[in-house]
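A.B. asks: Take this structure, written in structure tokens, and hold onto it; I'll ask about it next.
The values are calculated or read from the model by the stated rules, or taken from the named source; none is laboratory data. All figures in this text were calculated on a predicted structure; none of them were measured in a lab. So basically every Cβ, Gly included, is an ideal-geometry build from the backbone, and we count neighbours across all protein chains shown. Just the protein is used for accessible areas: all its heavy atoms, side chains included, with ligands, DNA and RNA removed. Shrake-Rupley method; radii C 1.70, N 1.55, O 1.52, S 1.80 Å.
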Amino acid sequence: MKFKGKVHKFGDDVNTDEIIPAKYLVTTNPKELARHCLEGRSKNFARKVKPGDIVVAGKNFGCASSREHAPLAIKGCSVSCVIAASFARIFFRNCINMGLPILESKEAAKEARQNDILQIDLNKGEIRNVTKKRIYRVQPFPRFLKRIISFGGLMRYVRKSDV
Amino acid sequence: MGLTITEKILAAHAGKKRVEPGEFIEAKVDIALGNDITAPLAIEEFRKSGVKKVFDRSKVVLVPDHFTPNKDAPSAQQAKILRDFAKEQNLKYYFDVGRMGIEHALLPEQGIVGPGDLIIGADSHTCTYGALGAFSAGVGSTDLAAVMITGKLWFKVPETIRFIYRGKLNKWVSGKDLILYTIGDIGVDGALYKTMEFTGEAVSSLSMDSRFSMCNMAIEAGAKSGIIAPDKITLEYAKKHCSLFQPKADPPLADTVHCSLPTSDPDANYCEIRKYDCSKIEPQVALPHLPSNTKPVSEVGNIPLDQVVIGSCTNGRMEDLRIAAKVLKGRKIPSYIRLIIIPATQNIYLQAVKEGLTEIFLEAGGVVSTPTCGPCLGGHMGVLAEGEKALATTNRNFKGRMGHPKSEVYLSNPAIAAASALKGRIAHPAKI
């Protein structure tokens, strides 16, 4: 899988209350959730984000609640990929399970700036910052996770391998 | 090399002799939990799969506790999804308003979870049950859906950080203060992906209620789970609760103890060991906007408050209400402050009534609410306005967590909370 998109840059410890405040958790509709995506950090993000754009953040992205509404809201914005210096573990699981591509790269996350253009090749494990003309290698996912991803998420994996 | 308690429980549930940190395993799940926010998504996924029945009707637990009693029509709709599913699947453990309690107080009380169990919950504070000597981790809704179908889930075996709490606790210091102090020390990602194993004589001296508060907030340091090896206090608790609820507990506790009270081996592998001298730990307050932003209460300064909340999955248990009542007894809060007290379960509520605690709270000028997560996540029952400040015994103080993005939340133990309600500003109970 390959993506190209504009960077929306966020800082450290972006928590799930900031990604989607609890008051909006009365629906599971991704498009509705998307209207409030990341509003705890940026009032304009949901309005400005374009399909294919890339969220780039610092350490511990998606910390706190287990709400899958958080990755769902990001997916609802048609964000192609999230890059962070590190991810909180439940958020990480949720993304793998629902098939939202995420990449961990301290350098790429640190050096990318708002509105930079990134080009990502998931198979190669490569992030290319087109604006800065920089290439970053990313640790590939362990085999086990690749299998879940290759099935298209946990539910497909479960249906094909167990039931 | 020996194994940690966490590795033993995971190995036992994966059908292996041993597991190593970093290894991916598929393990059997003893109890899977969902609430009114996370279960609707899981049920949607379950339905899409075409599977008709959950893997075991006595192992899937649904507790609508976040926005209940229903706060509005959309949340009523979400809760109804759980009710309909529980009926259709004839779930053994479904708790509607009137039986409902805050999930992480309710499951141990009802004897549904016990030592040695492997528990997952689509709620980040599922790590609470580690206090019983169980492996217990928060997961997402899709994880819950997968478990509802197969009874199994994938895990990466976590590394373990061992925390040793030496010495005797100072007066007014509880499990909540130890965990706030620890998060203040290591930061909100200080235990990312890892297990926090709490040990040492100060932890051994803690009541179960205090141990639950401690493990409850392991997630606030990014941990996968928190755990305390079962001891006499754990067993007494488990015996009491499981015998009390024996008719309801299925399978009975004895069958769920897979590892016959596991403990860590003396030569177990820890990625880090941290030691604390408890004689130096004062009651703690976490300032806005991170649980790691902690200070001893004596250094907080003059912080006037608009609201105090005593409750939640962190501090809504009997011990918490008793200590709050002890501070509030015979006193009145100022007229400009709101004190909201939320017993975490119906049984705790009833016990508080029997012991005369509710009377103390009401006479002090507080309100006592039916069990709900409500204000902790800015849901209902005490949402904050712009510029307001609240002190809460809850677990998160992120920006806007309890309401308006420009409101502030401070975290503390229930004694500090009660004293602060009386003073109208953050205060030490010894100073009232």
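A.B. asks: Which distance in Å, rounded to a whole number, links the C-alpha centroids of region B:153-230 and region A:67-90?
C.D. replies: 28 Å
A.B. asks: Kindly provide the trypsin sites (Lys or Arg not before Pro) of region B:327-410 that DSSP labels as loop, not H, G, I, E or B, and whose Cβ sees at most 15 other Cβ atoms within 10 Å.
C.D. replies: On the way: sites: B:Lys329, B:Arg331, B:Lys332, B:Arg338, B:Lys354, B:Lys389, B:Arg396, B:Lys399, B:Arg401, B:Lys406; in loops: B:Lys329, B:Arg331, B:Lys332, B:Arg396, B:Lys399, B:Arg401, B:Lys406.
Hits after loop and neighbour filter: B:Lys329, B:Arg331, B:Lys332, B:Lys406.
A.B. asks: Let me ask you something else. Run down the lysines and flag those whose C-alpha is under 19 Å from the C-alpha of B:Lys16, throwing out any fewer than 8 positions away in its chain.
C.D. replies: B:Lys8, B:Lys28, B:Lys152, B:Lys156
A.B. asks: Please go through region B:335-432 and write out the chymotrypsin sites (Phe, Trp or Tyr not before Pro) that DSSP classes as loop and that have at most 10 other C-beta atoms within 10 Å. Could the numbers behind the result be given before it?
C.D. replies: On the way: sites: B:Tyr336, B:Tyr349, B:Phe361, B:Phe398, B:Tyr410; in loops: B:Tyr336, B:Phe398.
Passing sites in region B:335-432 are B:Tyr336.
A.B. asks: Most fluctuating residue of B:Pro74, B:Pro375, B:Pro296 in a GNM of chain B with Cα springs under 10 Å: which is it?
C.D. replies: Ranking B:Pro74, B:Pro375, B:Pro296 by mean-square fluctuation puts B:Pro74 first.
A.B. asks: Would you mind checking A:Lys31/B:Lys52; A:Lys106/A:Lys132; A:Lys4/B:Lys48; A:Lys9/B:Lys295 for any pair whose Cα atoms are more than 23 angstrom apart?
C.D. replies: Correct reply: A:Lys31/B:Lys52; A:Lys4/B:Lys48; A:Lys9/B:Lys295.
A.B. asks: Using every Cα-Cα pair within region B:1-159, state what percent have a distance larger than 19 Å.
C.D. replies: 52 percent
A.B. asks: Report the full-extension gain for the segment B:Arg99 to B:Ser279: residue separation times 0.36 nm, less the Cα-Cα distance, to one decimal in nm.
C.D. replies: Full-extension gain reported as 60.7 nm.
A.B. asks: In Å², nearest 100, what accessible area do chains A and B bury in total when the solvent probe is 1.4 Å?
C.D. replies: The A and B chains share an interface burying roughly 3700 Å².
A.B. asks: Scan chain B and report its longest stretch carrying no GluC sites (Glu not before Pro) that are both in a DSSP loop and have at most 14 other Cβ atoms within 10 Å. Each step should come with its number before you reach the end.
C.D. replies: Working: sites that count: B:Glu355, B:Glu386.
The longest uninterrupted stretch comes out as B:1-354.
A.B. asks: As a test, work out the antiparallel percent of DSSP beta bridges whose residues both lie in chain B, rounded to the nearest 5.
C.D. replies: 20 percent
A.B. asks: Sticking with this one: Tell me what chain A gives for mean residue ellipticity at 222 nm when only DSSP H runs of n ≥ 4 count, each as -39,500 (n - 2.57), the sum divided by the residue total, rounded to 500 deg cm²/dmol.
C.D. replies: Taken over chain A, the calculation gives -8000 deg cm²/dmol.
A.B. asks: Among A:Ile148, A:Ile102, A:Ile54, determine the one that fluctuates most according to a GNM of chain A built with springs between C-alpha atoms less than 10 Å apart.
C.D. replies: Among A:Ile148, A:Ile102, A:Ile54, the largest mean-square fluctuation in the Gaussian network model of chain A belongs to A:Ile148.
A.B. asks: With a point put 7 Å past each Cα toward its Cβ, work out how far B:Asp185 is from B:Met1 in nm, to one decimal.
C.D. replies: Placing both labels 7 Å along Cα→Cβ, they lie 2.4 nm apart.
A.B. asks: Could you tell me what fraction of 2.2 N^0.38 Å the Cα radius of gyration of the protein assembly as shown comes to, as a two-decimal ratio?
C.D. replies: Dividing the Cα radius of gyration by 2.2 N^0.38 Å gives 0.91.
A.B. asks: Need the C-alpha centroid separation for region B:77-138 versus region A:24-47, integer Å.
C.D. replies: 28 Å
A.B. asks: Can you pick out the pairs among A:Lys2/A:Lys110; A:Lys50/B:Lys399; B:Lys240/B:Lys326; B:Lys275/B:Lys423 whose Cα atoms lie more than 29 Å from each other?
C.D. replies: Listed pairs above 29 Å: B:Lys275/B:Lys423.
A.B. asks: Set the Förster distance to 35 Å, then compute FRET efficiency between A:Lys48 and B:Ala385 from the Cβ-Cβ distance, nearest 0.05.
C.D. replies: The pair A:Lys48/B:Ala385 has a calculated efficiency of 0.75.
A.B. asks: Just reorder B:Ser298, B:Ser225 by solvent-accessible area, largest first, 1.4 Å probe, all chains present.
C.D. replies: Greatest to least solvent exposure: B:Ser298, B:Ser225.
A.B. asks: Go through region B:233-241 residue by residue and turn each phi into a ³J(HN,Hα) via Karplus (6.51, -1.76, 1.60, θ = phi - 60°); whole Hz please, and just put x for glycine and proline.
C.D. replies: The phi angles translate into 5, 4, 5, 4, 5, 4, 4, 4, 6 Hz.
A.B. asks: Now a separate question. Give me the three principal axis extents of region B:282-431 from the C-alpha atoms, as integers in angstrom, largest value leading.
C.D. replies: 38, 33, 27
A.B. asks: In sequence order, what are the phi-derived ³J(HN,Hα) couplings for region B:376-388 according to the Karplus relation 6.51 cos²θ - 1.76 cosθ + 1.60 with θ = phi - 60°, rounded to whole Hz, with x for glycine and proline?
C.D. replies: Here the 3J(HN,Hα) series is 3, 10, x, x, 6, 6, x, 7, 8, 8, 4, x, 7 Hz.
A.B. asks: Return the calculated 222 nm mean residue ellipticity for chain B, to the nearest 500 deg cm²/dmol, obtained by summing -39500 (n - 2.57) across DSSP H runs with n ≥ 4 and dividing by the residue count. Walk me through the intermediate numbers first.
C.D. replies: On the way: 15 runs with 139 residues, N = 432.
Helix contribution divided over all residues of chain B: -9000 deg cm²/dmol.
A.B. asks: Hey, another quick one. Considering only DSSP beta bridges where both residues belong to the protein assembly as shown, give the percentage that are antiparallel (nearest 5).
C.D. replies: 30 percent
A.B. asks: Please provide three numbers in whole Å: the alpha-carbon extents of region A:2-161 along the principal axes, with the largest listed first.
C.D. replies: In descending order, the Cα extents are 43, 42, 24 Å.
A.B. asks: How far apart, in nm, are two points set 7 Å out from the Cα along the Cα-to-Cβ line at A:Asp121 and at A:Arg41?
C.D. replies: Each label point is offset 7 Å from its Cα along the Cβ direction, giving 2.8 nm.
A.B. asks: Under a 1.4 angstrom probe, counting protein chains only, how are B:Thr393, B:Thr150 ranked by accessible area, largest first? Please list the in-between numbers first.
C.D. replies: Numbers: B:Thr393 0, B:Thr150 35 Å².
The ordering from most to least exposed comes out as B:Thr150, B:Thr393.
A.B. asks: May I pose another question? Provide a list, ordered by number, of residues in region B:30-61 showing at least 50 Å² less accessible area with every protein chain present than when their chain is taken on its own, using a 1.4 Å probe.
C.D. replies: B:Ile37, B:Leu41
A.B. asks: Going through region A:104-163, which trypsin sites (Lys or Arg not before Pro) have at most 10 other Cβ atoms within 10 Å and a DSSP loop state?
C.D. replies: Filter output for region A:104-163: A:Lys133.
A.B. asks: Are there any residues in region A:90-110 with a reduction of at least 30 Å² in accessible surface when going from the isolated chain to the assembly of protein chains? Probe 1.4 Å, please list them by number.
C.D. replies: Buried by the other chains: A:Ile90, A:Arg93, A:Asn97.
A.B. asks: Follow-up question, since we're still on this one. Which value results when the Cα radius of gyration for chain B is divided by 2.2 N^0.38 Å?
C.D. replies: Cα Rg divided by the expected 2.2 N^0.38 Å: 0.93.
A.B. asks: Can you list the residues of region B:397-420 that have at least 30 square angstrom less accessible area with all protein chains present than in their chain by itself, probe 1.4 Å?
C.D. replies: B:Phe398, B:Lys399, B:Arg401
A.B. asks: Given a 1.4 Å probe and every protein chain left where it sits, what share in percent of the accessible area of the protein assembly as shown is carbon and sulfur?
C.D. replies: Percent of accessible area from carbon and sulfur atoms in the protein assembly as shown: 51.
A.B. asks: Treating the beta-carbon of each Lys and Arg as +1 and of each Asp and Glu as -1, no other charges, what is the dipole magnitude of the protein assembly as shown about its Cα centre, to the nearest 20 debye?
C.D. replies: That gives the protein assembly as shown a dipole magnitude of about 1500 debye.
A.B. asks: Over the protein assembly as shown, with the other protein chains present, what is the accessible area per residue in square angstrom, probe 1.4 angstrom?
C.D. replies: Accessible area per residue: 36 Å².
A.B. asks: Send over the per residue convex hull volume for region B:113-185, Cα only, as a whole number of Å³.
C.D. replies: 128 Å³
A.B. asks: Report for chain A the percent antiparallel among DSSP-assigned beta bridges with both residues inside it, nearest 5.
C.D. replies: Around 50 percent of the beta bridges assigned by DSSP in chain A are antiparallel ones.
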